[in-house]
Amino acid sequence: SRGGVSKCPEDDRPLDYAQIYPDEELTTEVMNSLVRCRNVKDGCRWVGKLQILQVHLDECPFDALPCPLRCGAVLPRLDLEDHLEFTCCRRQVVCEFCSKKFPGDVYEKQHSGQCISEVMWCENKCGARLERRFLANHMRNECHKRTVLCQFCSREFVQETLQTHQYQCPRYPVVCPNRCDPTKIPREDLDLHVTELCPSATISCSFRDAGCKHKCPRFSMEKHTAENVQHHLKLMCDLSKTQQTQITQLCNALYSLTHITDGEFIWKISNYKQKFLESAYKSVELVSEPFYTARYGYKMAASVFLNGNGAGEGKYLSVYIKILPGEYDNILEWPFILPISFSIYDQNIDYDLRANITESFVPDPTWKHFQKPVKDTGALGFGYPKFVSHEILKTRDYIKDDSIIIKVKVDSYRNCTSP
């Protein structure tokens, strides 16, 4: 308005304030009209006369108000109390542990969860409760559940078990039982120290196995050894003789055991070509290792002439068997009458395609070859001068890898006439 002139809100015509006057009846009518609270959208259901609206707004729980502490927050009256007590950054908070006052934001960001007077449980779960300012020292130096290092083996243990561990700790220093030195020795090294290093330990002479019974502290053993060279030498010589006798006995026993065949003796003759040439140039008899037909049986040896002997010379391979004097001849039956067979193997890789050559005989009890032997002579045994011809021997796989394989079988059943 200008100069006291305004416009009517209804028809926009100019109005003069001098001509405007209050209408009490209309005012009363308007003020008695019913209205809703302006906070109806926020949930307020108040309805009343316009003239008491302000009274309601002064108490309306949904009416928005600025925080009285001027933190900048605007919120409904019903939330104001909680805001002032719990969330306002300018509220005053008293710490329940140290009783000091702090602005809300300072308390939440800097003091809460860090108060040195706050009572806490020990993190090692030992059951202790103490103020935060004492907690670090308690966990580091006092708590019986704290983790500590063994000063000897450097392994970690719970403090309350450390003493028990030290009774078993391999590096715990212990005194030598011989009191050789005031210096203590780690427990795990004590056995080695006593058995090999301790100068005071009583030890046996290094020639103990030879018969020397002397014992003395380790530090004086060198003197004993130096003063008894001749005695020790005699002991060693005696021991050597005894051992040589035992070795000879063992070798004889081993030789006997390794020559027990259970009736089957397999003889492989290697370097066949060279040995055949030697036999062709000069009649050479190849004699096998002796063997026993059983654990307490007859002792025998086989022999061959690669270029033949007697009627088979030059064209055949001859094979013989002769009975040798054995350890158990006095308990065996004589004359020897068990069937014997000779075989030469076809060394074909396919077992089903092999064609071994076999000849067998039953000893004649009247022949001298099968009587109880008196001594081991070089006499020719009994066998086959024409066992297999050279022509046949060159066929198939009788000769393979420059070797032939001959089997001698002694049948333990008297009535058996086949190999």
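None of the figures in this text is laboratory data; all of them are computed from the coordinates on show. Quantities reported herein were computed from a predicted structural model and do not represent experimental measurements. Every residue, glycine among them, receives a Cβ derived from its backbone with ideal geometry; neighbour counts consider all protein chains shown.
Values for this structure:
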| item | result |
| --- | --- |
| Cα-based equivalent ellipsoid of segment 37-87: semi-axis lengths in Å, sorted from largest, via gyration tensor | 24, 11, 8 |
| Vicinal HN-Hα couplings computed from phi for segment 397-404 (Karplus, 6.51 cos²θ - 1.76 cosθ + 1.60; Hz; Gly/Pro x) | 10, 5, 10, 9, 6, 6, 9, 10 |
| Binned Cα-Cα distances of segment 259-410, short to long, each 5 Å bin given as a whole percent | 2, 9, 18, 22, 20, 14, 9, 5, 1, 0 |
| Over segment 221-308 - Rg/Rh using Cα atoms and the Kirkwood inverse-distance radius | 1.35 |
| Extension reserve of the Glu59-Trp334 stretch, reckoned as 0.36 nm per residue once the Cα distance is removed | 84.9 nm |
| From phi via Karplus (6.51, -1.76, 1.60), per-residue ³J(HN,Hα) for segment 118-131 in Hz, x at Gly/Pro | 5, 7, 9, 7, 5, 5, 7, 6, 8, x, 7, 10, 7, 5 |
| Cα-based helix-to-principal-axis angle, 229-258 vs the chain, degrees rounded to 10 | 80 degrees |
| Label point 7 Å beyond Cα of Ser360 along Cβ direction - residues of segment 262-279 with amide nitrogen under 16 Å | 263-265 |
| For Val174, residues with placed amide H under 5 Å, excluding near neighbours | Ile185, Arg187 |
| Globularity ratio of segment 5-76, using Cα Rg and 2.2 N^0.38 Å | 1.62 |
| Bins of 5 Å from zero: percent of alpha-carbon pairs in segment 274-314 | 6, 23, 21, 16, 11, 11, 8, 3 |
| Average projection area in nm² (convex hull over Cα atoms of the chain, one quarter of hull surface) | 66.9 nm² |
| Gain upon complete extension [Tyr351, Glu156; 0.36 nm per residue less C-alpha separation] | 63.3 nm |
| Straight-distance crosslink candidates among lysines, where the alpha carbon sits under 16 Å from Lys101 and sequence neighbours closer than 8 are dropped | Lys109 |
| Alpha carbon Rg of segment 71-202, scaled by the compact-globule rule 2.2 N^0.38 Å | 2.07 |
| With 10 Å bins from 0: P(r) over segment 177-225, alpha-carbon pairs, percent | 26, 47, 22, 5 |
| Gain on full stretching of the segment that runs from Lys101 to Asp82 - 0.36 nm per residue minus C-alpha separation | 5.0 nm |
| CD proxy at 222 nm, helix term only [per DSSP H run n ≥ 4: -39500 (n - 2.57); per residue of the chain; nearest 500] | -6000 deg cm²/dmol |
| Filter on Lys315/Lys375; Lys375/Lys407; Lys299/Lys372; Lys184/Lys223 - keep pairs with C-alpha separation over 22 Å | Lys315/Lys375; Lys375/Lys407; Lys184/Lys223 |
| Backbone HN-Hα couplings from phi across segment 56-63 [Karplus 6.51/-1.76/1.60, Hz, Gly and Pro as x] | 5, 4, 5, 10, 4, x, 9, 6 |
| Inverse mean reciprocal Cα-Cα distance (Kirkwood Rh) of segment 116-161, Å | 11.2 Å |
| Kirkwood Rh (inverse of mean 1/r, distinct Cα pairs), segment 315-383, angstrom | 14.3 Å |
| Computed Rg/Rh of segment 16-147, alpha carbon atoms with Kirkwood Rh | 1.40 |
| Over segment 135-241: Kirkwood hydrodynamic radius from C-alpha pairwise inverse distances, Å | 17.6 Å |
| Pairwise FRET efficiency - Arg70 versus Val94, Cβ, R0 = 30 Å, nearest 0.05 | 0.90 |
